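Each reported figure results from applying straightforward, stated rules to the coordinates on display, with no laboratory input. Remember, it's a predicted structure, so these values are computed and weren't measured experimentally. With ideal geometry, Cβ positions are generated from the backbone for all residues, glycine too; neighbour counts draw on all protein chains shown.
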Amino acid sequence: MNAVPRPGFVIGVDFGGTKVAVASATLLGTIVKHVRFDTEAAHGAEQAVHRAGEACRAIISETEADTHGPCLAAGIVCPGIVLRNRIALAPNVPGWEDLRLQEAMQEELELAAIAVENDVKAAGLAEARWGSLSGCDPAVFLSLGTGVAASVLVGGQVLAGAHGAAGELGYSLCGSAQGRAFAAGRAPLEEFAGGRFIGIRATRMLKRNMTAADAFAATDEAVSELVDGALDELAVHVANMAIILDPQRIAVGGGLMGSAGRVLAALGRQLKSAVPFPPSLVRASFLHDAALRGAIALALDLPAARSEGMAELATGHRRG
């Protein structure tokens, strides 16, 4: 008698600097339940983890009732380089760098099968599996939001690097840098072209609170020049990355893609003029939830979910 695959699902968590997103998904990657809430970063990392745990438990309970199956695995993503006993390069949430994130979430969920990863790397995985980078090799997912980072994909897999820090584009030097580099606590390209810093510089110019979106929409000539200068500098670094990696495609996501036409035009001009074999340049498929979908992909890749997912896929093919 052939075994019938048991129903089941996975859960994904995306910790951001301002928002936390939690979702459950089928073993084929379809989102079932979804919730978002404020990170409340000023109150520290532990409360964010605990509140995420509460949200996960609620969604797990609801999804179990709907699907009559268990939660098999979880994927957790966040800014920074997620190491076993800490998170490097994640200074924006007090206490975040001291977290043992995998252990903390295993305790919250009482679930052994948990994978943790950087949010941009996970977003690249989602784009490669289900989105605009599907079938492209090599490929790059470029995240332009509060910060600047990239996910490099080779053979459909994310390139981690020797220390898990591949793609940390925000630390690239601008000019000679003159001491304004990582060792001095700086992230030169991010400070020039990242969304948060564009907003800060526009605020200083106009002497009123400005976000990056406000700066992109501004008609003030000086602010317009600020935005164009940031995009031109960013485009040089993206072109240099393309020269080194020779990707088939670059997909761009993140908050700055609210002005997608302006962003893609600036990047495209530099790619066409500087790169011997210019990659195609496209808007990412998942502009608002790529990291969360990446967290789901991480969970689906864990052995606890993979075998059940393959059985579910095979069953679906037989039904078809």
Sort C78, C71 by Cβ crowding within 10 Å, fewest neighbours at the top.
C71, C78
I'd like the per residue volume of the convex hull spanned by the Cα atoms of the stretch 197-243, given in cubic angstrom.
64
Give, in whole angstrom and from largest to smallest, the semi-axes √(5λ) of the equivalent ellipsoid of the stretch 135-283, with λ running over the eigenvalues of the Cα gyration tensor.
26, 18, 13
When a footprinting reagent is the concern and you count Cβ atoms within 10 Å, what order do W130, W96 take, fewest first?
W130, W96
Leaving out same-chain residues fewer than 8 places away, which lysines sit with a Cα under 30 Å from that of K207?
K19
Excluding residues on the same chain fewer than 8 positions from K121, give the aspartates and glutamates whose Cα lies under 20 Å from its Cα.
D14, E97, D137, E168, E190, D246, D289, D301
Nearest-20 debye value, the stretch 1-108 charge dipole, Cβ charges on Lys, Arg, Asp, Glu:
260
Please give the peptides 258-268, 196-206, 286-296 ranked by average Cβ packing (other Cβ atoms within 10 Å per residue), highest first, as a rough proxy for protection.
286-296, 196-206, 258-268
Got a sec? Charge dipole of the stretch 135-283, +1 on Cβ for Lys and Arg, -1 for Asp and Glu; which of G135, G258, H163 is way out at the positive end?
G258
Cα long-axis angle, helix 119-130 against the chain (0 to 90 degrees, to the nearest 10)
70
Between 0 and 90°, nearest 10: helix 45-67 axis offset from the chain longest Cα axis:
40
As a test, work out the antiparallel percent of DSSP beta bridges whose residues both lie in the chain, rounded to the nearest 5.
55
Tilt relative to the chain, helix 260-274 - C-alpha long axis, 0 to 90 degrees, to 10
70
What order, most packed first, do the peptides 299-305, 218-224, 134-140 have when packing is the mean number of other Cβ atoms within 10 Å of each residue?
299-305, 134-140, 218-224
Residue exposure sequence - D119, D214 - by fewest surrounding Cβ within 10 Å:
D214, D119
At 37 °C and 0.692 mPa s, what whole-number value in µm²/s does Stokes-Einstein give for the translational diffusion of the chain, with Rh from the Kirkwood sum over Cα pairs?
160
Which shape class, rounded, prolate or oblate, goes with the stretch 195-296 when its Cα gyration tensor gives a ≥ b ≥ c as root eigenvalues, a/c under 1.5 marks rounded, and past that a/b bigger than b/c marks prolate?
oblate
